[in-house]
Every structure is written in structure tokens, then in C-alpha cells.
Amino acid sequence: MSAMPSSVPEPAEARLSREGFLRLVSRSALWLTGGASLVGLLQYLGYETDPPPQSVFTLGTPDSYRVGTTTIVPGARAVLYRQESGFWALSLVCSHLGCTTEEDNAGYRCPCHGSRYDEKGRVLNGPAKRALKAVWVDLDAGGNLVIDISREAPPGYRFVPSPV
Amino acid sequence: MKARWGFGLASLGLGLAVAAASMREAAPAYARYAGQTEPVRLIPSLTGEPEYCLTCHQGIEEISAAHPVEVFGCVRCHGGNRISLDAQGAHAGLLGGGNPSDFSAVDAACGGTDCHSGESTEERDHIARSMTSVQSTYAGAIASVRYTFGAQPDPTARYGIRAVSDPLVTSVTGVPAIAAFASIVEEDPQAVQTFAAECLTCHLESEPRAGSGYQRLTGCAACHSPSGLDGAYVGDDPTIQGDEPGHASVHRLTTAIPYTQCDSCHNRGNYNLVTMTFHERTDLPTDGRASRIEDYYQPIAQFTKCEWELDCVDCHTSQEVMGDGDLHSNQSEVRYIQCSTCHGTLDDGPLTMTITDPDDLALRRAHLNPVIDLQVGDTVVVTSRGEALWNVIQQPDGRLVMVGKATRMNYEVPLVKGSECEQDPAKQESSACHVCHAVERP
């Protein structure tokens with residue numbers, strides 16, 4: 001007959017030792033930190049910068065504008081002219097502080113400070129001191145008129161579409 | 001063993017910090033203002049640089065039609081950190097605190113040749129004019145009080161709230177420089193020191209006295225951003241506490257300044273002329289419900305109907321109020337509007353001018369406060385110094401009509417010439433007109 005043990009020891013895995021608890025907490029915190037850092041890194045790498053403001057605007061085919069017409073292009077803050085001599089465009093951005101000018105009897109008027117320009121963009125009264133900027137007009141590959149408000153056109157510039 | 005515990009606790013702390021940061025990221029501080037969790041970006045066309053101020057300040061009123069937010073944004077005038085989403089970080093470097101027109105910041109915030117300074121003519125250099133004006137320097141009151149109490153031998157200005165010099169004196173009464181009053185005041189008689197202690201809140205660089213009725217901002221906004229009696233903000237910016245004093249009523253600049261704004265300094269009380277202590281008015285109801293005629297002038301004052309029906313800015317011109325560019329020893333040296341400016345005398349009608357220059361300042365001012373559609377070819381009243389009263393316009397039939405700058409009300413201007421007035425043409429001070437035309441206070 002064999003002797004019976006006076007007490008039955010608990011299985012080791014049934015009770016978390018102090019060392020095991022600390023190891024669990026440490027590793028959990030490290031995993032959590034690592035995971036959060038990884039999320040942050042992925043967010044950083046995936047960040048899309050804001051696109052630059054649109055400067056080129058497509059305005060349809062040249063023959064959709066009759067000779068003698070004036071067309072405000074609100075999104076571009078510009079006006080497109082078609083005359084016998086060709087197409088040309090003016091930025092409607094006031095040369096004083098950048099408000100958008102509006103049509104009036106003589107041409108354009110700035111609603112912010114009252115500067116006025118004639119229809120060719122020349123200053124009629126201040127506070128603006130410089131004329132409205134003429135901007136580039138061209139055709140894109142699809143045969144549509146485009147204006148590029150970031151490109152200043154030289155004085156007297158006219159765009160004449162080539163006959164098809 | 002201790003090292004293990006320390007490592008464990010440090011790890012736990014790190015984990016908690018990461019969790020807190022994640023929660024903060026999920027619900028940023030700015031979200032409490034308007035509920036949005038995406039920052040609001042604005043790229044003003046004037047600067048072309050993104051700014052995020054409207055993330056918290058969405059709903060704030062546009063400051064004026066001349067400063068549309070899509071053109072100016074916020075940072076051009078207010079300064080601060082345009083990309084910070086943290087209130088403390090975003091407000092670091094704000095110009096003039098919340099008020100960029102404070103004279104400590106106005107040059108940087110509002111100046112520039114395309115803006116409010118640096119013009120070739122003094123009448124258009126508004127910042128320089130304002131900063132040398134008697135309302136800014138308080139040199140007139142200081143000189144008068146010091147002279148009265150024997151601290152200086154004549155009433156010519158020597159001191160102002162701060163030292164100022166004017167390299168270009170254009171008027172007969174202008175002085176080239178004044179020193180800071182604080183540098184001398186301790187050597188002055190007691191009454192002057194009392195004046196310095198109690199009465200130096202009535203200039204554009206000073207915070208106003210505490211209490212109802214005194215509320216205004218400093219600098220240009222003291223006049224151009226009107227406050228209510230209690231200085232509470234009643235606009236739609238969710239970040240501004242509505243019940244705290246010290247604010248303009250709304251975020252707005254205006255040249256249509258109501259008389260109530262002038263009253264926040266003027267007609268608030270009197271000095272004891274022996275001790276120079278200040279005595280607040282006690283004749284007004286404390287609930288702010290004073291009638292206009294009660295509110296406008298102190299009981300001792302005489303005034304005509306037009307002096308309390310109109311707003312101060314309807315008659316008093318920019319040069320009178322904001323200065324003519326020179327340092328002066330007394331407000332009377334720049335205050336020159338008289339009854340005859342509009343009403344003429346028995347011998348002559350008022351001076352008028354037909355606008356011929358499309359750059360005339362009168363047109364600019366009418367544009368900023370379009371109570372009338374002023375055009376080249378219109379005829380308006382001008383002062384003896386040639387400054388246009390652009391809101392007093394001659395009608396096709398010759399009548400003169402004044403349009404209230406704040407009320408937009410029309411008033412026909414009666415002329416003395418051809419009337420039954422028995423004035424002595426040599427006596428044109430208002431006191432002479434008050435003899436017959438003063439109205440009774442109810």
C-alpha cells in the first residue's frame with residue numbers, strides 16, 4: 001500500500017504567477033503600442049495631399065461661341081470673349097486684393113472696395129492700380145477650348161482656332 | 001523583482017497613453033464646437049495657403065463685405081498658426097489677441113499700401129491718422145488738465161498716452177512730438193495724478209472701464225466693431241462665450257457706426273473739476289432702456305433736434321474723429337463741423353462739391369456704406385476744409401437730403417438763407433443756434 005500525499009498540488013497552469021502576469025501586461029502593452037504605431041504609420045504613408053487649385057478649365061468647342069459674345073466662367077473667375085480677331089480671356093480677379101469682380105455698365109466692378117475696370121480690364125478707378133490680367137486661351141487635344149488662369153497672356157493676345 | 005514591476009507598470013502606462021491618444025484622435029477637442037470630426041479647410045485666394053480656423057469658428061460672421069473670408073481668410077489679419085487644430089497652438093502669435101485692430105498690432109494686421117496704411121496722402125492713411133489722433137493720444141485732455149493745475153505753462157500738448165512723433169506737420173496747430181505721460185505723471189500735482197488714475201480709460205489703446213455701457217474694444221474696433229451695453233457676443237461663433245463681457249456684439253467691421261458706440265466713451269459721466277475724480281452718470285435707467293434723447297447727452301447739455309435724432313457719424317467727419325494726420329493739443333483743433341456746414345448762413349448756402357474724380361474718397365466711403373448710390377457727377381456738401389459730407393447730397397431740384405449712415409433714414413436739410421432765422425452771421429457756434437433751436441429733454 002502506498003502512502004497518499006497529504007495535499008494535492010494545483011496544476012501550474014491554473015494560476016498565473018506574478019512573473020507571468022507582468023509578462024502578459026508588458027507584451028500586451030508592447031503589441032498595442034506597436035499596432036497603434038503601425039496604424040499611424042499607414043495613415044501617414046497613405047495621406048493624400050490636397051490637390052492644387054484648378055487652373056485649367058475646359059469650355060467646349062470653339063463653334064459653340066458666336067462672334068461678339070462675352071461669356072463669364074464663374075468657376076474660373078474669368079470671362080471669355082469671342083471677337084472677329086479671335087478668342088481672348090480676362091481674369092476677373094481684382095488686381096487690388098483678389099476679390100472677384102462683377103459685370104457693371106462700364107465693364108467690371110469689384111464688390112469689395114469699388115475698383116472699376118473697362119471691358120478690356122483697364123482700371124477706371126481705384127483702389128486697384130493694375131489692370132485685370134489677360135489669361136491664356138488654347139485648344140486641348142480633344143479640340144475643346146481651354147483657358148489657363150495661371151498663365152498670363154501677352155498684351156493683345158488672341159487665340160484663333162485653326163480651320164478644320 | 002523591482003525591475004520587473006517597474007517594466008510592467010511602465011508598459012501599462014504606455015498602453016494607457018496610446019489608448020488615450022487614440023480616443024483623442026477619434027474625438028478631437030474641436031469637435032465639441034460644431035460636432036464635426038473632419039477639419040474645415042479654407043484656402044483664401046489672397047494668400048493661397050490653407051488654414052483651418054473655421055474648423056472651430058464655423059458660423060462666425062463675415063467681418064465685412066470688403067473682407068470676404070474666401071479672399072482674406074482669417075490669418076492675414078489675425079495671425080496665429082493656420083494649420084494647428086489645437087486651440088492653444090492655433091492662437092499662438094495671434095495679432096492683438098482676438099482684436100487685430102488693437103494699436104499694438106494694427107500695422108501688422110491691417111496695414112499695407114493696398115490696405116489701411118502707407119498711402120501717399122494723409123487723409124487716406126487711416127492707421128497713421130488714427131494713431132496720432134487725439135482719441136488715441138489723449139494729448140488734449142492731458143494738456144488741458146496739466147495746464148489747469150499748473151503743471152505746464154500753456155495748453156500745448158507735451159504728453160500723450162505713449163510717445164509719438166510726427167515728421168510731417170501740415171496744420172497750423174500740429175505739434176511735432178509728444179512724450180509718454182507716464183514718464184512725468186508722478187511729479188505732477190495730486191489732481192493730475194487722480195486724473196491719470198481714473199480718466200485714462202477714454203482713449204483707443206485702453207481697455208474700457210468695467211460695467212454696463214462702457215463696453216467697447218480697443219484700436220479701430222473701438223468704433224468700427226460696436227459692442228452692446230454688456231459687451232456680450234450674440235453672434236454664431238460657437239467658441240465665444242455669449243455671456244462674458246469684452247466682446248463686440250458680432251464679428252463685424254462697419255462704418256455705419258451708431259451713436260450708442262460713441263456713447264460708450266462720451267457722455268458717460270463727468271469729472272470733478274477740483275479733484276479730477278470721475279463721476280458716472282446716475283440719471284439713466286440701469287436696465288439699458290434709456291430713450292435715445294435721454295441717452296444721447298448728459299442732463300447739462302443743450303442740443304437741437306438733429307443733434308439727437310442723427311447719429312454722430314452723420315455729421316462728424318473722418319478727419320474730426322480719426323484725426324487729420326497731425327498731433328494736436330486739443331480736440332477742438334480738429335473738430336470744425338458747425339450747424340452752418342449743412343444749413344449755411346443767412347448770406348450763403350452750404351459749400352458743395354460736384355464729384356468729378358472717380359477716385360474721390362467720397363465715392364470710396366459711399367461704397368463701403370452704401371446708404372446712397374453716389375456717382376461721379378453728384379453734388380454733395382463739403383466742409384470748410386474740403387472734406388465731403390458724402391451722405392448729404394443735392395437733389396435734382398436743389399434740395400439737400402442727408403441720409404443716415406446707420407439708420408438709412410432721409411432728412412431734408414433746411415437752409416438758413418431765405419428763412420426767418422434771426423442769427424448773427426458772425427456767430428456760428430452751436431451755442432448760438434441752441435438759443436432758439438434747443439429741444440427740451442422730456
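Taken together, the values in this text are just the output of simple stated rules run on the coordinates, not laboratory data. What you see is a predicted model, and the numbers here were worked out from it, not measured in a lab. Quick reminder, even Gly has a Cβ in these numbers, built from the backbone with ideal geometry, and neighbours come from all protein chains shown.
Once the Cβ-Cβ distance between B:TYR33 and A:ASP50 is put in as r, and R0 is 30 Å, what FRET efficiency do you end up with, to the nearest 0.05?
Once rounded, the FRET efficiency stands at 0.85.
Taking R0 as 30 Å, what's the FRET efficiency between B:GLN190 and B:THR156 from their Cβ-Cβ distance, rounded to 0.05?
0.85
Partner chain Cβ atoms within 10 Å, averaged over the residues of A:25-33 - can you pull that number for me?
5
Between B:ASP236 and B:ALA301, what is 0.36 nm times their sequence separation minus the Cα-Cα distance? Round to one decimal in nm.
Full extension of this stretch gives 19.5 nm more.
Using the number of other C-beta atoms within 10 angstrom as an exposure proxy, rank A:ARG77, B:ARG385 with the fewest first.
Exposure proxy ranking, most exposed first: B:ARG385, A:ARG77.
Would you calculate the separation in nanometres between label points at A:LEU38 and B:SER212, each defined as 7 Å from the Cα along the Cα-to-beta-carbon direction?
With each label placed 7 Å out from Cα toward Cβ, I get 6.5 nm.
In whole angstrom, note down how far apart the Cα centers of the stretch B:327-402 and the stretch B:72-137 are.
That distance is 29 Å.
Could you tell me the largest-minus-smallest coordinate of the C-alpha atoms of the stretch A:38-92 on each of the three principal axes, in descending order and whole angstroms?
Result, largest extent first: 63, 22, 15 Å.
With only alpha-carbon atoms counted, please give the Rg and Dmax of chain B, in Å.
26.2, 109
Taking the Cβ of B:TYR52 as the center, what net charge do the other residues with Cβ under 12 Å away carry, scoring Lys and Arg +1 and Asp and Glu -1?
Residues near B:TYR52 contribute -3 overall.
Ratio of alpha-carbon Rg to the 2.2 N^0.38 Å globular estimate for the stretch B:322-442, to two decimals, please.
That works out to 1.15 for the stretch B:322-442.
Which FRET efficiency value, to the nearest 0.05, is calculated for B:MET409 and B:ASP107 with the Förster distance at 35 angstrom and r the Cβ-Cβ distance?
It comes out at approximately 0.45.
Within the stretch A:110-158, report the chymotrypsin sites (Phe, Trp or Tyr not before Pro) that DSSP leaves as loop and that have at most 16 other Cβ atoms within 10 Å.
Taking the stretch A:110-158 and a limit of 16 other Cβ atoms within 10 Å, the loop chymotrypsin sites (Phe, Trp or Tyr not before Pro) found are A:TYR157.
For the residue pair B:ASN272 and B:THR379, what label-to-label distance in nm results when each label sits 7 Å from Cα along the Cα-to-beta-carbon direction?
5.6 nm
Between beta-carbons, use under 13 Å as the cut-off and find the net charge around B:ARG252, counting Lys and Arg +1, Asp and Glu -1.
Net local charge, B:ARG252 excluded: -4.
What ranking of B:GLU38, B:GLU387 emerges when the number of other C-beta atoms within 10 Å of each C-beta is taken as an exposure proxy, fewest first?
Ranked by crowding around the Cβ, least crowded first: B:GLU38, B:GLU387.
From the residues B:ALA157, B:GLN395, B:ALA87, which one has its Cα farthest along the dipole of chain B in the positive direction, the dipole being from +1 and -1 charges on Cβ of Lys/Arg and Asp/Glu about the Cα centre?
Result: B:ALA87.
For the modelled label position 7 Å from the Cα of B:HIS279 along Cα-to-Cβ, which residues of the stretch B:298-313 have backbone nitrogen atoms closer than 18 Å?
B:298-302
Quick query: amide H of B:GLY269 versus all other amide H atoms, modeled in the peptide plane; which residues come in under 5 Å with a sequence gap of 5 or more or a different chain?
Here B:ARG281 satisfy the definition.
What length, rounded to one decimal in nm, is gained on full extension from A:ARG130 through to A:PHE21, with 0.36 nm per residue of separation minus their alpha-carbon distance?
Between A:ARG130 and A:PHE21, full extension yields 31.7 nm more.
Check each of the trypsin sites (Lys or Arg not before Pro) in the stretch B:289-332 and keep only those in coil by DSSP with at most 15 other C-beta atoms within 10 angstrom; list them in order.
B:ARG289
Just to be sure I follow: if Rg is taken over the C-alpha atoms of the protein assembly as shown and Rh is the Kirkwood radius over the same atoms, what is Rg/Rh?
Over the Cα atoms of the protein assembly as shown, Rg/Rh equals 1.13.
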